[in-house]
1. Roughly how many debye, to the nearest 20, is the charge dipole of region 400-527 about its Cα centre, given +1 on each Lys and Arg Cβ, -1 on each Asp and Glu Cβ, and no other charges?
2. On a full-extension model of 0.36 nm per residue, what is the gain between H504 and R167, subtracting their alpha-carbon distance, rounded to one decimal in nm?
3. Using a 1.4 angstrom probe on heavy atoms only, work out the carbon and sulfur share of the accessible area of region 184-250 in %.
4. Report which label in [x] 27.9; [y] 24.8; [z] 29.6 holds the value of mean projected area of the Cα convex hull in nm² derived from the coordinates of this structure.
5. Could you tell me which residue out of H544, W490, S513 lies farthest along the dipole of region 474-562 toward its positive end? Charges go on the beta carbon: Lys and Arg +1, Asp and Glu -1, centred on the Cα centre.
6. Taking the Cα centre of the chain as origin and charging only Cβ (+1 Lys, Arg; -1 Asp, Glu), how large is the dipole, in debye to the nearest 20?
7. By the gyration tensor of its Cα atoms, with a ≥ b ≥ c the square roots of the eigenvalues, what is the shape of region 165-204: rounded for a/c under 1.5, prolate for a/b over b/c, or oblate?
8. For the residue pair D288 and S481, what label-to-label distance in nm results when each label sits 7 Å from Cα along the Cα-to-beta-carbon direction?
Amino acid sequence: MAELRLGPLLRYTDGSCATVWVETDRPCTAEVRCADGARGTARSFRIADHHYALVPVGGLTPGTATEYEVLLDGTGVWPPPDSRFPPSVIATPGDDEGMRVAFGSCRWAAPPSGGKGRVGPDALDTLSARVAADPGGARPDVLLLLGDQVYADEISDATREWIAGRRDVTAGPGDQVADYEEYTRLYYESWLDPEVRWLLSTVPSCMIFDDHDVIDDWNTSAAWLADMRATDWWQERVLSGLMSYWVYQQLGNLSPDELAADPLYTTVREASDGTDALREFAARADADPASVRWSYRRDFGRTRLLMVDSRAARVLDEDRRTMLDPGEAAWLREQVMEGRGDGDGDGGRNGGSGSSSDGAYDHLLIGTSLPWLLPHLVHDVEAWNAAMCGGERGARWARIGERIRRGADLEHWSAFPTSFDALGDLIADAGTGPGAPATVSVLSGDVHHAYVAEPSWPGRTPDARVAQLTCSPVHNSVPLSIRLGFRFGWSAPARALGRRIARHGRCAPPAVSWRRTGGPWFGNQIMTLTLRGRSARLRLEQAHANRDGTNALRTVTDRELT
């Protein structure tokens, strides 16, 4: 009898359909049955001796919530008979309903081997406990996980012991993940957590990778990539990372129509074993990043979400260094401007699902794992470093700059000045003129603190309220050095220091200025945007341990954005 190894994860939802992802222990037919009669089935597919199914569920009624169960070959496997959680549900948005968008990044399933520093309660676990305690109360309508869902380079003691039992950890990548099988272990460790497993079964999720999903500072520079490719273990690591991301995260980001049009998904499902086809796809994606688009678009009524790949789509040549390759940048502009009366955007390879009839939107959410607006000192240091590495002060400074870039993790949007300015111009264009949305929000994580920053443009004032909303970590350590460093980085003296550093690099001033209007806040935390009509409200909550041994989310800030 087939058994459920991982999941179910409720992934895509719109008014009438949804997808539910599962991993099973053998080939089988997976079925989802809803209490209101909606249902769907899918035959499992095989990757590297693992079996998966993504079940499309049709016939849902907009604006309703229905309980569901999962069956494998006709036998019920979810919910477990001894479950202490409420039944999992599929909730579909109605035409006139508002929505709650919760987001964050950087989640350790367990502290890494040899890790130091206090970690504290898991914000995702704590959110799950609150939702389960009041299943009829307010809950996120969608959960955005903005990178570092797993840590391939910072593994727990239990995973390290498991890896040591299957290979020599003194060779290759050592006690980091080496291949696809070891990636599956990371997902088991992360998604079998009972609270997280239940939460992901009942709250739809959208995901995008960041560096630790593959390796710290993934695609920092051309020199970094050349060094990685010179090792005897990197090729297997990056291919396994991309393969596992496609299976565990990317498939669920796409709508049923997009899945039906995806040739790789068709090939994998029809093959007796899809491993070779997926491996060839990952090799092509690694060799030619422009051949694959990991970014995607989701429309929730009159809210548009664009999840942007700010890792694999980079152009790393120093003389034309950009965060997004030209095709990716053009796709992003098309998706942003569709419905704004500019650009004929076709919805893109991954876009357009669930959009309003006229293509317009009231709120634009740009999800990018790396913040666009950083503390001013950090921004100026990254811009200076980009100039040094590009040869602005000669070959000696270029060598020094590359060492600093890797040592200090200088690879955010500000380390790609052309892309930083281009994103600012696009946001200003989107937020200005007739039909402008009420808000444009850049949602990010990565930097292990939370803050709100608001930009302004010389000579123009967008009609939309524009904000950089950064929230991380969900569950990670925040050592004192990070707290002190970022607090100083936002200060007036740090800003003055940053200007002097930028002058040394002969850096042109950025095309946008910004000010911090909230934070910095440190801790394990979740941000939630509540969007209703043309209004937007922001809440940040942190996980805290109570004296009775329970954990709770405490509100740190709650404010109107419009």
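The values are calculated or read from the model by the stated rules, or taken from the named source; none is laboratory data. Every value quoted in this text rests on a predicted model; they were computed, and no experiment measured them. Neighbour counts are summed over all protein chains in view; Cβ atoms, including those assigned to glycine, are modelled from backbone coordinates with ideal geometry. The accessibility values were calculated without ligands, DNA or RNA, using every heavy atom of the protein model including side chains. Shrake-Rupley method; radii C 1.70, N 1.55, O 1.52, S 1.80 Å.
1. On the way: 14 positive and 9 negative charges, 135 e Å.
Roughly 660 debye, rounded to the nearest 20.
2. Values: separation 337, 0.36 × 337 = 121.32 nm, distance 4.88 nm.
Once the chain is fully extended between H504 and R167, it gains 116.4 nm.
3. Numbers: 810 of 1560 Å².
Roughly 52 percent, rounded to a whole number.
4. Correct label, based on the coordinates given: [y].
5. It is S513.
6. Details: 60 positive and 78 negative charges, 437 e Å.
Around 2100 debye, computed over the chain.
7. On the way: a/c = 4.23, a/b = 3.40, b/c = 1.24.
Prolate, since a/c reaches 1.5 and a/b exceeds b/c.
8. Each label point is offset 7 Å from its Cα along the Cβ direction, giving 4.2 nm.
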